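Input: a single structure, listed below in structure tokens.
The values are calculated or read from the model by the stated rules, or taken from the named source; none is laboratory data. None of the values given here were measured: they were computed from a predicted structure. Cβ coordinates were reconstructed from backbone atoms using ideal geometry, including for glycine residues, and neighbour counts include every protein chain displayed. Remember, those area values only see protein heavy atoms, side chains included, never the ligands or the DNA or RNA. Shrake-Rupley method; radii C 1.70, N 1.55, O 1.52, S 1.80 Å.
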Amino acid sequence: QVQLVESGGGLVQAGGSLRLSCAASGIFFGINVMGWYRQAPGKQRELVASIPVGGGTNYADSVKGRFTISRDNTKNTLYLQMNSLKPEDTAVYYCNGVSVFSGVEYWGQGTQVTVSS
């Protein structure tokens, strides 16, 4: 059974930091492109950051310089370090994985991040 389980969300003041984690099980983590998405109330889900299998990272313009995505393939875990948080970062954050071989896509249940002004 495939599971992506996020943790680390919470309430933080503007300017603060949070670190999200996504623990993966039931998949070959190392062959999945992993990413973080977020969805704010009344808005579409959007890509925040992604990290391919072979390295490199991609970020939404709105988080460049503030967020850092990383993965530990030995622990089957994806991370998102979020610094200098802004109220507009408030959303449910979702972990996502896509197998580079099968194209099958997986989603976590989401974790709430709330940034107060």
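The residue pairs whose first member lies in the stretch 1-20 and is touching a residue at least 40 places away in the same chain (Cβ under 8 Å), whose second member is assigned to a loop (DSSP other than H, G, I, E, B) and open to solvent by 70 Å² or more (accessible area, probe 1.4 Å), and whose beta carbons are closer than 7 Å, counting only pairs six or more residues apart or on different chains, are 6/109; 14/86; 14/117.
Would you point out which residue out of 40, 23 is modelled with pLDDT of 95 or more, in contact with a Lys or Arg (Cβ under 9 Å, 6 or more places away or on another chain) and hydrophobic (A, V, I, L, M, F, W, C)? Before you say what the answer is, go through the steps one by one.
Values: 40 fails: in contact with a Lys or Arg (Cβ under 9 Å, 6 or more places away or on another chain).
Within the list 40, 23, the selection yields 23.
Picking from residues in the stretch 100-110 that are small (Gly, Ala, Ser) and open to solvent by 40 Å² or more (accessible area, probe 1.4 Å), the one that is farthest from residue 44 (Cα to Cα) is 102.
Scanning the stretch 8-56 for residues that are over 26 Å from residue 115 (Cα atoms) and touching a Cys at 6+ places or on another chain (Cβ under 7 Å) yields a total of 0.
Of the strands (runs of 3 or more DSSP E) lying entirely inside the stretch 16-99, the ones with 2 or more residues being out of contact with any helix residue (DSSP H, G or I) (no Cβ under 8 Å at 6 or more places or on another chain), open to solvent by less than 30 Å² (accessible area, probe 1.4 Å) and aliphatic (A, V, I, L, M) are found at 18-25, 46-51, 77-82.
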